[in-house]
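J.: Shown below is the structure under consideration.
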Amino acid sequence: MTQPARFTFDVDMGRRRPEARPAPRGVPEDEVERRIAEARQQAYAEGMKAGEQNAAAMAEQTLASAAATLATDAARASEALDTAIKAHLSSAVELAASVGRKLALHLIARNPTAELEALLAECLTGLDGAPHLVIRCNPELADAMREKAEQHIRSAGFAGRLIVMGDPEIRIGDGRLEWVDGGLVRDISQVSGAIDASIRNYLQASQAVQNEEQEP
């Protein structure tokens, strides 16, 4: 039987060396590198995915904003085009009317009795048996109009009395023809007013057509 060791007082218990613990089992270096590489690859993939999603979202927002801006610009351009067309149409019609008025005034200045002669020729065809015919015109045209009227009356065979009266309130080129049961009037201002009314009606009708075409 083995005898226990005897305790001797010369042993220093404070200097007794602790028992060594077993060293932890280490991870191989290649395994560490592999795991680091996997972590880097996963982080890179997640970063790429997040970047792509962010880029797609930004692209959608940019596209939506661009589409909205384009739609707004297109609407403004269409409205501006319609306004320009309307303005050009109105200007063109008014210019044509202005040219027509100036041309009419020029023709009247060259032949101031022409309009009254046309009225006279028109009424003589229906004046059979009328006792008289009265022509009212500007005093400056009275003598010339009397001479022209006498020629027309002889040609038409009118047997009634001819009366030519100067009226200072009648402008040159205007005049009135009167007989027992009728009469004719030539008033350039009334004709001009009728032309202006026709122009307004035409422009309003054109605008109404454009509005109907623009409605969805």
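The values are calculated or read from the model by the stated rules, or taken from the named source; none is laboratory data. Remember, it's a predicted structure, so these values are computed and weren't measured experimentally. Methodologically, a virtual Cβ is constructed for each residue, glycine included, from the backbone with ideal geometry; neighbour enumeration extends over all protein chains shown.
J.: Out of all the residues in the stretch 14-28, is one or more at pLDDT 75 or above, more than 53 Å from the chain's Cα centre (by Cα) and exposed (fewer than 10 other Cβ atoms within 10 Å of the Cβ)? Explain how you work it out, then say what you get.
T.: Taking the stretch 14-28 as the starting set, the residues that turn out to be at pLDDT 75 or above are 28.
Of the ones still in play, those that are also more than 53 Å from the chain's Cα centre (by Cα) are 28.
Subsequent filtering for residues that are exposed (fewer than 10 other Cβ atoms within 10 Å of the Cβ) retains 28.
Scanning the stretch 14-28, I find at least one residue that is at pLDDT 75 or above, more than 53 Å from the chain's Cα centre (by Cα) and exposed (fewer than 10 other Cβ atoms within 10 Å of the Cβ), so the answer is yes.
J.: Taking A130 as the residue in question, decide whether it is surrounded by 15 or more Cβ atoms within 10 Å (Cβ to Cβ), among the aliphatic types (A, V, I, L, M) and either at pLDDT below 90 or closer than 26 Å to E94 by Cα (or both). Even if it seems obvious, please write down each step before you answer.
T.: Numbers: surrounded by 15 or more Cβ atoms within 10 Å (Cβ to Cβ): yes; among the aliphatic types (A, V, I, L, M): yes; either at pLDDT below 90 or closer than 26 Å to E94 by Cα (or both): yes.
Yes; evaluated as a whole, the condition is true for this residue.
J.: Then there is this: Does T72 satisfy the criteria of being at pLDDT 75 or above and under 30 Å from Q207 (Cβ atoms)?
T.: Numbers: at pLDDT 75 or above: yes; under 30 Å from Q207 (Cβ atoms): yes.
The answer is yes for T72.
Table: residues versus (1) within 18 Å of N111 (Cβ to Cβ); (2) aromatic (F, W, Y); (3) at pLDDT 90 or above.
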| site | (1), (2), (3) |
| --- | --- |
| V134 | no, no, yes |
| C137 | yes, no, yes |
| L141 | yes, no, yes |
| Q151 | yes, no, yes |
| G173 | yes, no, no |
| W179 | no, yes, yes |
| G182 | no, no, no |
| Q204 | no, no, no |
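J.: Filtering the stretch 177-186 down to residues that are over 15 Å from K148 (Cα atoms) and touching a helix residue (DSSP H, G or I) at 6+ places or on another chain (Cβ under 9 Å), which residue is surrounded by the fewest Cβ atoms within 10 Å (Cβ to Cβ)? Outline the logic, then answer.
T.: Of the stretch 177-186, the ones over 15 Å from K148 (Cα atoms) are 178-186.
Next, from what is left, pick out any that are touching a helix residue (DSSP H, G or I) at 6+ places or on another chain (Cβ under 9 Å): 179, 182-186.
On the way: W179: 16, G182: 11, G183: 14, L184: 15, V185: 13, R186: 17.
Within the stretch 177-186, the match that is surrounded by the fewest Cβ atoms within 10 Å (Cβ to Cβ) is G182.
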